[in-house]
Each structure stands twice: as C-alpha cells, then as structure tokens.
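Below is one structure, written out as structure tokens; comments come after it.
Taken together, the values in this text are just the output of simple stated rules run on the coordinates, not laboratory data. If you're wondering where the values come from, they're calculated on a predicted model, not measured in any experiment. As a convention, Cβ positions derive from the backbone with ideal geometry for all residues, glycine included, and neighbour counts pool all protein chains shown.
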Amino acid sequence: MRDDVPVDLPEQPPAQPEPSRLRASDADRDRVADQLREALAEGRLTPEEHSERIDQVYSARTYAELAPLLEDLPATGAPAPQPQTPPLPAPLLQSSGIVAIFGGAERKGRWLVEPETNVFTLFGGVDLDFREAVLSQREVTINVTCIFGGVEIKVPPGVRVIDSGSAIFGGRSVDADQPADPNAPVIRLTGYCLFGGIDVKRQLPRAERQVAREQRRVLRDERRDRLRELRAARRDRRHY
C-alpha cells in the first residue's frame with residue numbers, strides 16, 4: 001500500500017467496500033425484524049426459529065449478515081435492505097502544530113492529520129481524537145513534547161500505534177491490543193515527556209458506540225417480550 005494516500009480511519013480500507021459489507025442501520029434491522037414477524041404469523045417460522053433469527057438480526061452489523069435471514073422466505077411488500085452511503089464531508093484542514101501552555105487544546109471530529117504533527121504542552125493538556133479523523137497518508141507521525149502536562153489520544157480499532165518516544169520522570173501508556181493487518185494505518189509517536197505523560201486509548205467512534213447501546217437495548221426488550229409470551233403460554237396450558 002502506498003504511504004502517500006489519504007486514509008479515512010472510520011472506514012478502513014479507504015477503497016469503497018462491497019455493498020454487502022457496508023454497515024446496516026437500525027432501520028434496516030427493524031425492516032428485517034418486521035418481515036420475520038410476518039413469517040411467524042403466517043406459520044412459515046416456528047417460535048423457536050423466529051426467536052433465533054431475531055437475535056441474529058439485532059446482532060448483525062452488515063448487510064451480508066442480514067441477507068441470509070430472509071433468503072428462504074418469500075418476498076413481501078417491504079423493500080429489501082439497501083445500502084445507504086451518504087457522502088462524507090471533507091476533513092477540516094488545521095495547523096500541523098498544537099500548543100498548550102498553562103491551558104488546553106484539542107483536535108476531534110473529522111479533521112485531516114498531516115504527515116507530521118507537532119504537539120507542545122507546558123503545564124497544559126492536549127486531547128487528540130483520531131476516531132473520525134482522516135490520515136493524509138498510511139503512516140503519520142505525532143511528535144510530542146510534554147513538559148509538566150498530559151496528552152490523551154483516542155484511536156479507533158484497526159489502527160496501529162507505535163510509540164518511539166521517551167519519558168523522563170513521566171509515563172507513556174499505549175494500548176497493547178494492536179491490529180494484525182500488516183496494511184493497517186499507523187500513528188507513530190515520537191518526542192519526549194518530562195514530568196508529564198501520554199495516554200493512548202482505543203475506542204469505537206461515537207456513532208458506533210450509540211448503535212451498540214441501542215442494539216443491547218433492543219435485545220433486552222426482545223428477550224423480555226419472549227419471556228412474557230412464554231409465561232402467558234404456560235398459563236394458558238394450565239387452564240386446559
């Protein structure tokens with residue numbers, strides 16, 4: 001892979017993925033769940049099959065995971081899930097130098113990371129959020145000079161962080177969970193900390209974290225509804 005090609009971190013690799021590999025939305029999962037409920041009402045699925053497929057629906061992350069759940073069922077009036085890929089805004093161009101003296105500075109959102117960014121903090125703090133950032137090339141360098149201060153860095157999964165710096169009466173903490181892909185984007189940390197520290201954390205982008213929370217909520221609701229149905233069925237059987 002060439003090192004001078006911009007890399008959009010939330011969507012790796014930067015080449016357009018196959019439609020089936022695109023992320024499914026909550027609306028897509030709800031449409032599939034509606035079709036499965038219709039199939040249950042028509043007797044095409046048993047309650048056990050419906051329950052199993054509903055679990056798979058709300059744990060599915062891509063269109064490829066949703067499609068097999070409907071392939072043995074006849075088409076209904078509801079349209080099949082289709083990828084929706086609205087264009088992403090251009091990354092925000094900012095200075096390649098970040099300075100925080102007796103104060104704070106941050107970079108977050110969809111910003112363009114230059115091949116080399118210089119960070120200087122003196123009795124201050126800097127927050128760098130790369131979860132929605134776009135790298136100007138596959139490997140970028142963040143040169144940090146941290147004196148009596150702190151630098152917090154957030155990166156998404158799938159990005160390799162290499163720490164080539166040093167610390168004197170300070171600390172440098174980098175998540176050991178590195179991607180195995182040899183072509184993964186690289187953020188290289190250089191420079192030094194003097195009575196200061198660098199902390200690198202690996203986190204999902206905000207939108208994906210919200211989706212994960214919503215999926216957990218939907219799964220809880222589905223399980224609660226199934227338990228109610230089972231209890232009602234047991235009560236009905238006792239009456240007979």
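A few comments on the model shown:
- Within the range 144-235, chymotrypsin sites (Phe, Trp or Tyr not before Pro) in DSSP loop having at most 15 other beta-carbon neighbours inside 10 Å: Phe148, Phe169, Phe195
- Placing pseudo-labels 7 Å out from each Cα toward the beta carbon at Leu92 and Asp199 gives an inter-label distance of 2.3 nm.
- Residue-span extension gain [Arg110 to Phe123] - 0.36 nm each, minus C-alpha spacing: 1.9 nm
- Other residues with beta-carbon under 12 Å from the beta-carbon of Ser51 carry, at +1 per Lys or Arg and -1 per Asp or Glu, a net charge of -3.
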